[in-house]
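One structure is given here, and the rest of the page talks about it.
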Amino acid sequence: MHNLVHRCLWVSLVLCAAPLGLVIRWVRRLRRRPPRIWRGMNGLHLIKWPVMVDRRSGFPSRSFITTTKPGHLFEDEDFDVVCDAKGWRRDDWHWRGLIDLLLRGDIRVAFFDSLFFSVQSWKINALTLRLIRFVGIRTIMVPHGMDILYRHRRLSRYDWVGRAQQDYPDWDLANHSHVARQRTLLWCRNARLIVGANSPCFPFLPRRDVSFLWFPVDCEALRPMTQSSGNWPPVVIHAPQHRSIKGTDHLLDALERIKSSGIAVELRMLERVARAEALVRYAEADIIADQFCMGAYGMFALEGLALGKTVLTYLDQETLSDPVFDLPVVNANPDNLDRVLAVLLQVPELRSRLGSAGREAVQRYQSIDALAEVWEQLYRHVWWGEALRLETTRHFSIDRKPRSFSEDPAHSDFWPVPVDDLMDEIVSALERVRVPMPTSVATV
């Protein structure tokens, strides 16, 4: 009985907030005030930087999340509202979030796992999304990856979904397919705009209105070291949250082959390290090894580029062929990883060029200022119906070109920077990989 009364109280508060928020919203529209952006409630660390993008582009932005715990990726201070920091009852978080959105939001940017009620409450969730639309709130959906993931029959080249299942043995991704698809379809029916993010997300999205890597890297906070790290042997840093999906086994195997060829290298594995400490450690690297199975780069790669590091990650053909993803990341996969590493470890000038080009490119195309240009257009399109002219932004610039599909480091077009004058050194480095010589790989 008490729970019923408690629920009825919250419903009445929602029904009061909805018309009040509608009035506030229309008054702001009539006055041509910029729409207020509302991001929540999933406490993913990626919310922090998009809020900075919103504000940089001139839009009030509010982050409302449930909790920053467990984990070390972000702190309560990084967000406007953190429910558990307020001491609120956990059972009331979703009600408070819904009311906050109704009163303080005009455009909601949400992940696909950010329904206000449990996934079993389909009718209530559908009713809530219709209410949000009715009171004039527009929704933009952005996937973070795991929110749309399920096991299906289509296998990618290195079966990254199967690898995700290995990392999450208690989460049956095959049985989860019904929930994931139904939830995604529910959002697609109610959202004004769906952002596709990158190629690993595409198979799971029945609708994509625009595709780009929607989150920025804070180039002002992340800067290259003023002096070269001067490591000997060169340091490779790999920071897998989960080893299978990142292809850590392929990296370790490749380094063993490097070891047998007599090429000096030190591997440093960062796992369960607080974000502030991790960033300090990244700055010590010569090479950032991101992932080797999924097919696209993410935040770790972008941070490596911002720090002026050589970044390795596997890029699938969909990523390589789309200019919007053109950054000077080295395309390394399980089939060529040892050869790519052999070159990079032995040709420091190539690492230097890649680091400089990466820093310059990420500033130009993926920084907070660059993404602010894109999001300003998206918000104006969603709120005022203005036409999208994304080609006028740096991120969608016509200067960006498709990448070569070559996976052979002996070919100059494989490298994302000019290497014609380095080809003799590159070929020589590749020759050495074929000759086993005793050495060691130090692992920290």
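The values are calculated or read from the model by the stated rules, or taken from the named source; none is laboratory data. These numbers come from a predicted model, not from an experiment. Don't worry about glycine lacking a Cβ; one is built from the backbone with ideal geometry, like all the others, and counts go over all protein chains shown. Just the protein is used for accessible areas: all its heavy atoms, side chains included, with ligands, DNA and RNA removed. Shrake-Rupley method; radii C 1.70, N 1.55, O 1.52, S 1.80 Å.
Taking only protein heavy atoms into account and a 1.4 Å probe, give the accessible area per residue of the range 111-203 in Å². Present the calculation step by step, with values, prior to reporting the outcome.
Working: 4340 Å² over 93 residues.
Heavy-atom accessible area per residue stands at 47 Å².
Within the accessible area of the range 323-406, what % is carbon and sulfur when the probe is 1.4 Å and the other protein chains stay in place?
Working: 1420 of 3040 Å².
Looking at the range 323-406 in its full context, I get 47 percent from C and S.
Apply the Karplus curve 6.51 cos²θ - 1.76 cosθ + 1.60, θ = phi - 60°, to the phi angles in the range 318-334 and return the couplings in whole Hz, x for Gly and Pro.
In residue order, the calculated couplings are 5, 6, 4, 7, 9, x, 5, 9, 6, 10, x, 8, 7, 7, 10, 9, x Hz.
Does the range 317-444 come out rounded, prolate or oblate by the C-alpha gyration tensor, with a ≥ b ≥ c the root eigenvalues, rounded set by a/c under 1.5 and, if not, prolate when a/b is larger than b/c and oblate if not?
On the way: a/c = 2.91, a/b = 2.61, b/c = 1.11.
Verdict is prolate for the range 317-444.
Normalised by the number of residues in the chain, what is the relative contact order in percent for Cα pairs under 8 Å and 6+ residues apart? Could you put the intermediate results ahead of the total?
Values: 781 pairs, mean separation 65.8, N = 444.
Across the chain, relative contact order equals 15 percent.
For a quick size check, give me the Cα extents of the range 338-398 along its three principal axes, largest first, whole Å.
54, 20, 18
On the full set of protein chains, 1.4 Å probe, figure out the accessible area of His94 and give it in Å² to the nearest 10.
Roll a 1.4 Å probe over it and His94 shows about 50 Å².
Work out from phi, with θ = phi - 60° and the Karplus expression 6.51 cos²θ - 1.76 cosθ + 1.60, the ³J(HN,Hα) of each residue of the range 111-119, listed in order in whole Hz, and give x for Gly and Pro.
Calculated HN-Hα couplings, in order: 8, 6, 9, 10, 5, 6, 10, 4, 5 Hz.
I'd like to check one number: the per residue accessible area of the range 226-310, probe 1.4 Å, reported in Å² as a whole number. Mind showing how you got there, number by number?
On the way: 3030 Å² over 85 residues.
Per residue, the range 226-310 has 36 Å² of solvent-accessible surface.
With a sphere of radius 14 Å drawn around the Cβ of Arg56, what net charge do the other residues whose Cβ falls strictly inside it have (Lys, Arg +1; Asp, Glu -1)?
Numbers: positive: Lys48, Arg55, Arg394; negative: Asp54, Asp218, Glu220, Asp369, Glu373, Glu376.
Within the 14 Å Cβ shell, the charges total -3.
Find the centroid of the Cα atoms in the range 195-252 and in the range 400-428, then give the distance between the two in whole Å.
Rounded to whole Å, the Cα centres lie 21 Å apart.
With every atom except the alpha carbons ignored, what do you get for Rg and Dmax of the range 138-251, in angstroms?
Cα radius of gyration and Dmax of the range 138-251 are 18.0, 55 Å respectively.
Need the list of lysines near Lys86 for cross-linking: C-alpha distance under 29 angstrom, and skip anything on the same chain fewer than eight residues off.
Candidates past the 8-residue exclusion: Lys48, Lys69.
Which of Arg272, Arg31, Arg339 moves the most in a Gaussian network model of the chain with Cα springs under 10 Å?
Maximum among the listed residues: Arg31.
Quick one: pull the percentage of alpha-carbon pairs in the range 23-117 with a separation above 15 Å. Could you put the intermediate results ahead of the total?
Numbers: 2701 of 4465 pairs.
For the range 23-117, the fraction of Cα-Cα distances above 15 Å is 60 percent.
Which whole-number percent is the relative contact order of the range 368-427 (Cα, under 8 Å, 6+ apart)? Could the numbers behind the result be given before it?
On the way: 37 pairs, mean separation 12.3, N = 60.
Once normalised by length, the contact order is 21 percent.
Tell me, what ³J(HN,Hα) does each residue in the range 411-418 have, in order and in whole Hz, if you take phi through Karplus 6.51 cos²θ - 1.76 cosθ + 1.60 with θ = phi - 60° and put x for Gly and Pro?
9, 5, 6, 5, 7, x, 9, x
Using a cut-off of 23 Å between alpha-carbon atoms, which lysines can reach Lys259, once sequence neighbours fewer than 8 places away in the same chain are excluded?
Lys246, Lys309
With a length cut of 30 Å (Cα positions projected on each helix's long axis) and a Kyte-Doolittle mean of at least -0.5, go through the chain and give me the DSSP H helices that pass.
On the way: long enough: 2-30 (43 Å, 0.97).
Helices meeting the criterion: 2-30.
Ignoring any ligand, DNA or RNA, what whole percent of the accessible area of the range 1-108 comes from carbon and sulfur when the probe is 1.4 angstrom?
60
What is the range 20-121's relative contact order, in percent, from Cα pairs under 8 angstrom and six or more apart in sequence?
On the way: 132 pairs, mean separation 34.8, N = 102.
Relative CO of the range 20-121 lands at 34 percent.
Where Lys and Arg each count +1 and Asp and Glu each count -1, what net charge lies around Lys401 among other residues with Cβ under 13 Å from its Cβ?
On the way: positive: Arg400, Arg403; negative: Asp322, Asp326, Asp399, Asp413.
Value of the local net charge: -2.
Rounded to the nearest 500, what is the chain's calculated 222 nm mean residue ellipticity when only DSSP H runs of at least 4 contribute -39500 (n - 2.57) each, over all residues? Walk me through the numbers on the way to the answer.
Details: 16 runs with 182 residues, N = 444.
Dividing the helical sum by the residues of the chain leaves -12500 deg cm²/dmol.
Mind grabbing the base-10 log of I(q)/I(0) for the range 73-229 at q = 0.08 Å⁻¹? Debye formula, identical points on the C-alpha positions, no solvent, two decimal places.
Scattering profile of the range 73-229, log10 relative to I(0): -0.30.
Which residue fluctuates most in the GNM of the chain (Cα springs below 10 Å): Gly262, Gly355, Gly196?
Among Gly262, Gly355, Gly196, the largest GNM mean-square fluctuation belongs to Gly262.
For the range 88-153, build the convex hull from the C-alpha positions and give me its volume per residue in Å³. Could the numbers behind the result be given before it?
Details: hull volume 7.8 nm³, N = 66.
About 118 Å³ per residue, rounded to a whole number.
Ratio of Rg to Rh for the range 118-200, alpha carbon only, Kirkwood? List each step's numbers first, then the result.
Working: Rg = 14.7 Å, Rh = 14.3 Å.
With Rg and the Kirkwood Rh in hand, the quotient comes to 1.03.
Give the lysines whose C-alpha is closer than 17 Å to that of Lys123, dropping any in the same chain fewer than 8 places away, or say none.
Straight-line reach from Lys123, under 17 Å: no lysines qualify.
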